[in-house]
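Participant: Attaching a single structure in C-alpha cells format; questions to follow.
The values are calculated or read from the model by the stated rules, or taken from the named source; none is laboratory data. Please read these numbers as outputs of a predicted model, since none were measured by experiment. Neighbour counts run over all protein chains shown; Cβ positions are idealised from the backbone, glycine included.
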Amino acid sequence: MNDGGTGRLAAAVSRYPREFVGIVMATAAIFAISINALFLQRGPHPAPIFATRAPVTHATPVALPRPRTAEPATAARSQTQIVGDIQRELSRKGFYDGALDGIWGAKTDMAARDFVQAAGLKLSAEATEGLLHAIVTSNTKAQSSRAAAPPRNDPIAALIAPTKPVQAIQRALADFGYGQIKPTGVYDPETKAAIEKFERDRRLPVTGQISDRLVRELSAMTGRPLE
C-alpha cells in the first residue's frame with residue numbers, strides 16, 4: 001500500500017475511531033471462532049461450518065434365535081401290540097393260557113371278560129390302552145382252584161362239562177342281543193333258545209344245536225374267530 005492509501009486509511013480511522021475498533025474486534029472474533037471450530041474442537045460442532053459426512057458406525061451383530069425343531073410325535077401303538085400286551089398281562093395273572101399272537105380271538109375275549117368280572121370293574125372288555133392299564137395296575141388274579149375234570153369214562157359228564165367253545169358262543173349270542181345268557185360254558189335250554197333265534201334271523205335251518213356252520217356265522221357276525 002502506498003503513502004496515499006495509508007494516509008486515507010489513517011484519516012478514516014481518525015474520523016471514525018469507534019467504527020474502526022468495531023471492525024477490528026469483529027474480524028478478530030470471526031477469526032477466533034474459525035480457528036476454534038476448525039482446529040480446536042475434538043468432536044463435531046453442533047453447527048459445523050463445513051458439512052461433514054456422518055461417521056460410519058458398525059452395527060453389532062445380534063444372534064437370532066434358532067428355530068425350534070418340532071419334536072417327533074410319539075407313534076401310536078398298533079392294535080396288534082396292544083392286544084399282545086393284554087394277552088401277556090392276562091397270562092401273568094392267570095386269566096389267559098393261549099398264544100401271545102396279538103389276535104383278539106374268543107379266548108382272549110373270554111379272558112378279558114373274566115378279569116373285568118373278577119376285578120369288579122365297570123369297564124368294557126375291549127382291546128384298548130385303558131383295559132391294559134387296568135390289568136397292569138390291578139392286583140386281581142385268577143382263582144387257582146378249579147373244579148376237577150370229569151372222568152374220561154363218563155360220557156354224560158363229558159357232555160355237560162363246561163367248555164370254552166360253548167362259553168365263547170354264549171358270549172357272542174349275548175353281546176348281539178340273543179338272550180340274557182350267562183357264559184357258563186354249559187349247553188342249556190337258554191343257549192338252545194338263543195341259537196334258534198339266531199338261526200331264524202340268519203335264515204338258517206333251525207336246529208338249536210352247536211355246529212360248525214353256527215360257529216362260522218357267529219364269527220362272521222362278530223368279526224373275530226370263535227375259539
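Participant: Which of the residues belonging to the stretch 90-126 are more than 18 Å from ALA174 (Cβ to Cβ) and buried (at least 21 other Cβ atoms within 10 Å of the Cβ)?
Facilitator: LEU90, PHE95, TYR96
Participant: Right, next: Mind listing just one residue for me: the one in the stretch 185-227 that is under 40 Å from the mean Cα position of the chain (by Cα) and in a helix (DSSP H, G or I) and, of those, surrounded by the most Cβ atoms within 10 Å (Cβ to Cβ)?
Facilitator: Residue satisfying both the conditions and the ranking: LEU218.
Participant: Moving to a separate point now. Looking for something touching an Asp or Glu at 6+ places or on another chain (Cβ under 7 Å), closer than 20 Å to THR222 by Cα, at pLDDT 75 or above and not in a helix (DSSP H, G or I) - is there at least one such residue anywhere in the stretch 101-112?
Facilitator: Yes, the stretch 101-112 contains at least one residue that is touching an Asp or Glu at 6+ places or on another chain (Cβ under 7 Å), closer than 20 Å to THR222 by Cα, at pLDDT 75 or above and not in a helix (DSSP H, G or I).
Participant: Sort out which residues of the stretch 166-178 are surrounded by fewer than 18 Cβ atoms within 10 Å (Cβ to Cβ) and free of Cβ contacts under 8 Å to residues at least 24 places away in the same chain, and write them in order of number.
Facilitator: Correct list: ALA174, GLY177.
Participant: Please count how many residues of the stretch 192-227 are under 18 Å from LYS164 (Cα atoms) and hydrophobic (A, V, I, L, M, F, W, C).
Facilitator: 7
Participant: So which residues in the stretch 114-129 are farther than 12 Å from ILE86 by Cα and more than 26 Å from the chain's Cα centre (by Cα), if there are any at all?
Facilitator: Result: ASP114, VAL116, GLN117, ALA118, ALA119, GLY120, LEU121, LYS122.
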